[in-house]
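Heads up, the thing below is written out as structure tokens.
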Amino acid sequence: MPEPDLAFRRQHLLGIEGLEAWEILDLLERADAYVELNRQTAKKLDLLRGLTQVNLFFETSTRTRTSFELAGKRLGADVVNMSVGVSAIKKGETLIDTAMTLNAMHPDVLVVRHHESGAVALLARHVRCAVINAGDGSHEHPTQALLDALTIRRRKGRIAGLTVAICGDLLHSRVARSNILLLLALGARVRLIGPPTLLLPHVEGWGVEMHTDMRRGLTGVDVVMMLRLQTERMQGSYVPSVREYFHYYGLTYDKLALASPDALVMHPGPMNRGVEIDGVVADDIDRSAILDQVEMGVAVRMAVLEALTHRARGGN
Ligand code: NCD
């Protein structure tokens with residue numbers, strides 16, 4: 001267990017931006033213990049008994065919502081799922097109204113996903129409880145970056161000094177942004193690989209390398225993180241055709257051969273086989289950590305729920 005004065009003690013988790021390396025490490029340490037708990041038959045604790053967690057999803061989600069739901073239930077919280085896309089928002093209620101309505105029901109934790117960047121931080125200013133950003137537009141998705149870090153650390157034994165390539169639709173990816181911030185904070189080297197239309201602007205000064213040639217970008221890397229082409233965030237056409245995209249930027253064994261021989265393959269899901277990744281690479285249990293990422297997701301979310309409810313549970 002970390003020293004009490006070195007424990008994560010914030011009210012919200014809105015992003016990786018601004019977190020200290022030791023805060024990230026504290027969450028990863030806690031999550032490691034939950035991985036072991038989740039592998040046992042009896043996985044339920046009563047740490048969050050009496051607390052209410054509301055999962056407020058303005059955007060559809062399968063794995064992230066389920067993962068947060070399981071995490072809350074395994075810690076003994078009462079968990080309620082609200083898909084706002086089909087209720088209040090359709091009737092014209094504003095985000096602030098929704099926040100204030102929920103606030104009046106005295107939840108202890110709100111887990112929020114929203115299609116607009118910054119919406120979760122705005123909502124957090126209008127409620128009294130802890131807020132976790134489960135993805136806001138193309139801005140941040142902090143628990144995804146934490147679960148990716150936990151996956152890398154458990155498979156590679158460290159993060160500092162590794163070279164991680166993040167490939168594909170970087171422009172629309174909150175996963176990429178949170179991962180870049182976290183990996184740099186923990187001392188990894190980051191390479192961004194994608195077509196010129198989908199690379200991140202304004203990252204000069206961040207200390208990342210950019211590549212439009214995937215083969216060159218993958219040379220010698222320790223981890224290859226693939227991203228989905230997020231067509232729902234695209235207006236107009238960013239790639240000539242899916243076939244051409246796969247040819248230049250799809251992860252195949254042929255391209256993976258340029259990475260280090262034991263390079264780990266990752267993808268946050270949902271995955272488009274044959275678009276950004278060849279299905280056989282994704283299913284290769286020796287190389288792909290994609291299902292590990294899903295497993296680590298529950299543990300990381302339990303760690304975050306534990307840390308953010310410290311005060312609600314009577315801590316100082
Ligand atoms: C990601 C997301 O929603 O940002 N998925 C996830 O949380 N597992 C990535 C994506 O949608 O491509």
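Where a number appears in this text, it was derived from the coordinates with a stated rule and is not lab data. Since the structure is predicted, the reported quantities are computational estimates derived from the model, not experimental observations. We place every Cβ from the backbone using ideal geometry, glycine too, and count neighbours over all the protein chains shown.
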Restricted to Cα positions, what overall size does the chain have along the principal axes? Three whole-Å values, descending. 53, 46, 39
Compute the distance in nm between two label points, each set 7 Å from the Cα along the Cα-to-Cβ direction, one at Y248 and one at H202. 2.5
Summing -39500 (n - 2.57) over the DSSP H runs of n ≥ 4 in the chain and dividing by its residue number, what mean residue ellipticity at 222 nm do you reach, to the nearest 500 deg cm²/dmol? -10500 deg cm²/dmol
Averaged over all directions, how much area does the convex hull of the C-alpha atoms of the range 227-316 cover when projected, in nm²? 8.8
Of L200, A299, G220, which is farthest towards the positive pole of the range 171-302's charge dipole, taken about the Cα centre with +1 and -1 on the beta-carbons of Lys, Arg and Asp, Glu respectively? L200
What's the magnitude of the charge dipole for the chain around its Cα centre, counting Lys and Arg as +1 and Asp and Glu as -1 at the beta-carbon? Answer in Debye, nearest 20. 480
Treating the angle as unsigned and between 0 and 90°, give the value, to the nearest 10°, between the Cα long axis of helix 174-185 and the longest Cα principal axis of the chain. 90
T101 to R216: FRET efficiency via 1/(1 + (r/R0)^6), r the Cβ-Cβ distance, R0 51 Å, to the nearest 0.05? 0.45
Amide H proximity to Y238 below 5 Å, modelled H, separation 5+ or other chain, gives none
What is the diffusion coefficient of the range 81-162 in µm²/s, taking the Kirkwood radius over Cα pairs and the Stokes-Einstein relation at 25 °C with a viscosity of 0.890 mPa s? 171
With 0.36 nm assigned to each residue of separation and the Cα-Cα distance removed, R128 to R233 gains 34.7 nm
At 0.36 nm per residue, minus the direct Cα-Cα distance, what do L37 and S83 gain on full extension? Give it in nm, one decimal, please. 13.6 nm
Residue among M214, M234, M225 with the largest mean-square fluctuation in a Gaussian network model of the chain, springs linking Cα atoms under 10 Å: M234
How large is ³J(HN,Hα), in whole Hz, for each residue of the range 279-288 in order, when computed from phi with the Karplus curve 6.51 cos²θ - 1.76 cosθ + 1.60 and θ = phi - 60°, using x for Gly and Pro? x, 5, 6, 4, 8, 6, 5, 7, 10, 8
In Å, descending, principal axis extents of the Cα set of the range 249-292: 26, 23, 14
Thinking of the range 149-221 as a set of Cα atoms, what percent of all their pairs are more than 14 Å apart? 57
Using a 10 angstrom Cβ neighbour count of at most 11 plus a DSSP loop assignment to flag exposed GluC sites (Glu not before Pro), which longest range of the chain is free of such sites? 21-203
Cα-centre dipole for the range 37-131 with unit charges at Cβ (Lys and Arg positive, Asp and Glu negative), debye to 20: 400
For the range 185-206 and the range 123-164, distance of Cα centres in Å: 17
